[in-house]
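To start, the structure itself, in structure tokens.
The values are calculated or read from the model by the stated rules, or taken from the named source; none is laboratory data. For clarity, every value in this text was computed on a predicted model and none was experimentally measured. A quick note on method: Cβ atoms are made from the backbone with ideal geometry, for glycine too, and the neighbour counts reach across all protein chains shown. Protein only, heavy atoms only, side chains kept; ligands, DNA and RNA dropped before computing areas. Shrake-Rupley method; radii C 1.70, N 1.55, O 1.52, S 1.80 Å.
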Amino acid sequence: MLYSIAGTLNSLFILASLYGIWSQLQKIWQRRREGHDNPSDVLSLNQFMVSFLAYWAFFVYGYSIEPFNHFMVWPRAIAALLALGILAEIRRDRCTRSTDMALRLAVLLMFAGAAGLVFGKRFVDEGRLVSQGLIVLVTVLLAQGYAHQIRKIVLARQTGAVSLRMSQFILAMDLSSIFFACVMGLETGWPLLLLATVSAITKLLIMWLFRWEKRIQGTIA
């Protein structure tokens, strides 16, 4: 009963976080309509690629464990697609080799993940071990990616195209994910607990930077 409640709560917060990611896409589109030379200014390709990998890894992990975790699979599949959309916008804006490679890799992984969902049931144990290892790697990359985003904000002394709303909604999702992981038990829930905790800390730091930016602007004024 508690598992269903925690899973449902986590799914609801993930759905809310989807709106946060959508708001980041909308902010890029709005800046483009307003004629900004660089609509994705200050956005870290590193950070959004790692965010995509995090959603994708849990999408794969959710269908690799027994029982199939619907709470984990479907919302994160949608989140991965939205993150893919942000990568496409960054690629459109910057047209560099790195943005092109990141987008191509993300598209390839989405196809591979979908193929694993359809054809990978006979490899559940192997898939679980691989996805657990991938989640540990993604957690390290996530910390590094958000450190890169934080550094870009500090150096630019502005948040640019970074969406505060996205950080707020994803923080709420992270907190509900921590609760859900605890209810799942450490044997299967530790990857979610690890990544959600690291993600929550980075979101708190980015949200603080929005307050820091206002103080700087007030000092300059």
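Within the range 176-221, if we keep just the residues that are out of contact with any helix residue (DSSP H, G or I) (no Cβ under 7 Å at 6 or more places or on another chain) and charged (D, E, K, R), the residue that is farthest from E66 (Cα to Cα) turns out to be R215.
So that you can scan it fast, the table gives a plain yes or no per residue for (1) within 20 Å of F179 (Cβ to Cβ); (2) at pLDDT 90 or above:
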position	(1), (2)
R33	no, yes
V42	no, no
N46	no, no
S51	no, no
F58	yes, no
N69	yes, no
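For the range 205-221, name all the residues that are within 21 Å of G20 (Cβ to Cβ) and open to solvent by less than 100 Å² (accessible area, probe 1.4 Å). If you could, list the steps in order and put the result at the bottom.
Within the range 205-221, the first condition is being within 21 Å of G20 (Cβ to Cβ), and the residues that meet it are 205-214.
Once the filter is applied, which keeps residues that are within 21 Å of G20 (Cβ to Cβ) and open to solvent by less than 100 Å² (accessible area, probe 1.4 Å), the range 205-221 yields L205, I206, M207, L209, F210, W212, E213.
The set of residues from the range 52-108 being open to solvent by 30 Å² or more (accessible area, probe 1.4 Å), charged (D, E, K, R), closer than 30 Å to H36 by Cβ and touching a helix residue (DSSP H, G or I) at 6+ places or on another chain (Cβ under 7 Å) comprises R91, D100.
Name the residues in the range 51-103 that are hydroxyl-bearing (S, T, Y) and outside any helix (DSSP H, G or I), would you?
Selection gives T96 alone.
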